[in-house]
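Student: Have a look at this one.
FYI, it's all coordinate maths here, none of it is from the lab. Just so you know, these numbers come straight off a predicted model, no measurement behind them. With ideal geometry, Cβ positions are generated from the backbone for all residues, glycine too; neighbour counts draw on all protein chains shown.
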Amino acid sequence: MSSLAIVGTQWGDEGKGKVVDLFASHADVVARYQGGNNAGHTLVVGGDKTILHLIPSGVLHEQTTCVIGSGVVVDPSVLCFEIDGLRSRGLLQRDGQLLVDERAHVILPVHRALDQARDAALGERGIGTTGRGIGPAYEDKMARRGVRMVDLLDSQVLRHRLELVLAERNALLRTVYGGEAFDIDPLFAEMRDFGQRLRPHIADVSSFLHDELAAGRRVLFEGAQAAMLDIDHGTYPYVTSSTTVAGAVATGSGVAPRWIGRVLGIAKAYTTRVGAGSFPTELTDDMGDHLRQAGGEYGSTTGRPRRCGWFDAVVVRQSARLSGLAGLALTKLDVLSGIHPLRVAVAYEVDGRRWARVPASAAEFEQARPIYEELEGFDGDLADIRRFEDLPEAARRYVSRIEELTGVPVTLISVGAERDETILLRDPFLL
Ligand code: IMP
């Protein structure tokens with residue numbers, strides 16, 4: 001099978017961008033299939049940092065076609081900004097290197113305004129969204145009043161769709177949240193202009209991907225966010241508004257499930273979370289601060305400090321089940337250097353009972369106390385290590401214990417931000 005899907009197994013920010021970028025050199029196509037510019041992938045190549053929110057991480061490879069599937073919600077202003085930024089650095093020189101599905105839904109400024117007004121109105125009880133309009137855009141998609149990329153190319157249709165959206169959203173924004181209504185005329189002109197700019201990229205991605213797969217070309221599906229933020233299977237309501245588990249690859253890209261090959265899960269060697277919601281292994285003490293500093297744990301989309309804690313095997317085991325992981329890429333192992341001892345949550349205690357799963361009830365999850373196993377720590381700089389055998393013995397034991405606890409073989413270990421600071425144990429396409 002010539003396709004590989006890469007998905008997050010925790011609460012996002014596991015380092016998917018680095019892993020996708022690494023494998024993109026072996027891929028003909030890199031496809032995003034869910035989420036929007038709530039994601040943020042930091043790529044470091046030759047000391048040069050690129051942060052992408054929407055365009056797939058494979059764009060740094062000239063021979064790779066990047067596609068955005070119908071399951072993604074696209075903010076056209078962000079897409080144009082990223083295209084301009086890449087072009088000015090000599091990248092993305094061919095229009096055909098980036099395709100956006102004509103069926104993908106558009107994030108409008110009114111979606112952003114609603115997202116922010118709503119979370120602010122909820123105060124302490126807010127989700128802590130990225131404020132990018134993701135949730136409201138998906139709501140309009142499901143309510144069948146959304147604007148799709150293809151609509152940006154037809155003025156009559158565009159105006160009609162915008163009227164539908166604004167009729168409901170302006171009323172909500174004004175009456176419930178006391179916000180300013182959006183005028184149709186400037187919005188229509190803005191969206192029509194984006195349509196003209198993006199016209200060379202708007203395409204039937206489903207059919208393109210099908211033809212590529214049928215011709216035996218290698219397709220990498222790049223997930224955004226992670227299993228615990230999945231709208232169905234995550235820690236609801238503190239989740240994002242899309243399906244983040246591997247099942248979304250098919251629906252969000254328009255490729256039938258039989259074309260989906262292996263799924264590689266990305267897990268950080270510890271755990272982080274941004275936004276609200278329970279986090280059983282969270283460390284609110286000096287150790288949490290140490291992880292944040294050592295791991296540079298600040299959101300690449302919002303700049304928010306990430307909450308940090310020990311590795312939670314319950315979470316990753318559950319994600320392995322949800323996405324059928326064939327392998328695990330363990331990132332940021334180097335950050336754990338110098339910590340003695342290390343801890344890993346193997347189960348939870350909820351109301352006096354041992355739990356091996358993440359409870360569905362937010363109240364029970366709030367009460368979940370991690371049951372820890374202590375593991376010997378390790379020292380030294382791991383950045384130059386390229387072979388598993390060369391890792392300190394305690395680091396190898398830590399990795400092996402994660403394999404046992406999650407039931408998934410570790411096929412890649414990241415020991416630094418750079419592309420080459422990686423220990424590859426197996427070819428991901430041949431897992
Ligand atoms: P939204 O996706 O902006 O609606 O935010 C919903 C929740 O998902 C919030 O807790 C966000 O912090 C979180 N979230 C969304 N995207 C990401 C991501 O790429 N990494 C980590 N957390 C994310």
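Student: Counting only other residues whose beta carbon sits under 15 Å from that of V44, what net charge do I get with K and R as +1, D and E as -1?
Tutor: Summing Lys/Arg as +1 and Asp/Glu as -1 gives -1.
Student: Under the rule that an exposed site lies in a DSSP loop and has at most 14 other Cβ atoms within 10 Å, name the longest stretch of the chain with no GluC sites (Glu not before Pro) of that kind, not counting the sites themselves.
Tutor: Between the exposed loop sites, the longest stretch runs 181-375.
Student: Between the DSSP loop rule and a limit of at most 12 other Cβ atoms within 10 Å, which trypsin sites (Lys or Arg not before Pro) in the range 11-104 are left?
Tutor: The qualifying sites are R89, R94.
Student: Dipole size in debye (nearest 20) for the chain around its Cα centre, Lys and Arg Cβ +1, Asp and Glu Cβ -1?
Tutor: 820
Student: Placing +1 on the Cβ of each Lys and Arg and -1 on the Cβ of each Asp and Glu in the chain, which of W11, L198, H160 has its Cα farthest towards the positive end of the resulting dipole?
Tutor: Positive-end residue among those listed: H160.
Student: Okay, next question. How about K49: which aspartates and glutamates have a C-alpha closer than 12 Å to its C-alpha, ignoring those fewer than 8 places off in the same chain?
Tutor: E418
Student: Follow-up. How about K268: which lysines have a C-alpha closer than 19 Å to its C-alpha, ignoring those fewer than 8 places off in the same chain?
Tutor: Excluding near neighbours in sequence, the set is K16, K18, K332.
Student: Same structure, new question: What 222 nm value per residue comes from the helices of the chain, counting each DSSP H run with n ≥ 4 as -39,500 (n - 2.57) and dividing by all residues, nearest 500 deg cm²/dmol?
Tutor: Rounded to the nearest 500, it is -10000 deg cm²/dmol.
Student: Taking the Cα centre of the range 105-198 as origin, sum charge times position over the Cβ atoms of Lys and Arg (+1) and Asp and Glu (-1), and report the length of that vector in debye to the nearest 20.
Tutor: Using only the charged Cβ atoms, the result is roughly 240 debye.
Student: Counting other beta carbons within 10 Å of each Cβ, put H201, H111, H41 in order, fewest first.
Tutor: By the 10 Å Cβ count, ascending, the order reads H201, H41, H111.
Student: Here's another thing I want to ask about it. Suppose we keep just the alpha-carbon trace of the chain; what are its Rg and Dmax in angstrom?
Tutor: Expressed in Å, the Cα Rg and Dmax of the chain come to 21.4, 66.
Student: Is the range 105-198 best put as rounded, prolate or oblate by its Cα gyration tensor, with a ≥ b ≥ c the root eigenvalues, rounded for a/c under 1.5, and otherwise prolate when a/b is larger than b/c, oblate when not?
Tutor: prolate
Student: Give the order of S77, S414 when sorted by the count of other beta carbons within 10 angstrom, beginning with the fewest.
Tutor: Exposure proxy ranking, most exposed first: S77, S414.
Student: Quick one: length gained pulling Q63 to D232 fully straight, 0.36 nm per residue minus the C-alpha distance?
Tutor: 57.3 nm
Student: Still on this structure, please answer the following. Charges on Cβ only, +1 for Lys and Arg, -1 for Asp and Glu, centred on the Cα centroid of the range 266-430; of S319, Y270, A347, which one is farthest towards the dipole's positive end?
Tutor: S319
Student: Find which of Q63, G85, A214 sits farthest along the positive direction of the dipole of the chain, computed with +1 on the beta-carbon of Lys and Arg, -1 on that of Asp and Glu, about the Cα centre.
Tutor: Going by the charge dipole, the pick is A214.
Student: Please say if the range 339-431 is rounded, prolate or oblate, where rounded means a/c under 1.5 for a ≥ b ≥ c the square roots of the C-alpha gyration tensor eigenvalues, and otherwise the choice is prolate for a/b larger than b/c and oblate otherwise?
Tutor: It is prolate, given that a/c is not under 1.5 and a/b is the larger ratio.
Student: Counting other beta carbons within 10 Å of each residue's own, what order do M142, M228, M287 fall into, fewest first?
Tutor: Exposure proxy ranking, most exposed first: M142, M287, M228.
Student: Kindly identify the range 71-113 as rounded, prolate or oblate by the Cα gyration tensor criterion: order the square roots of the eigenvalues as a ≥ b ≥ c, call it rounded if a/c is under 1.5, otherwise compare a/b with b/c, prolate if a/b is larger, else oblate.
Tutor: Oblate shape, in that a/c is at least 1.5 and b/c is the bigger or equal ratio.
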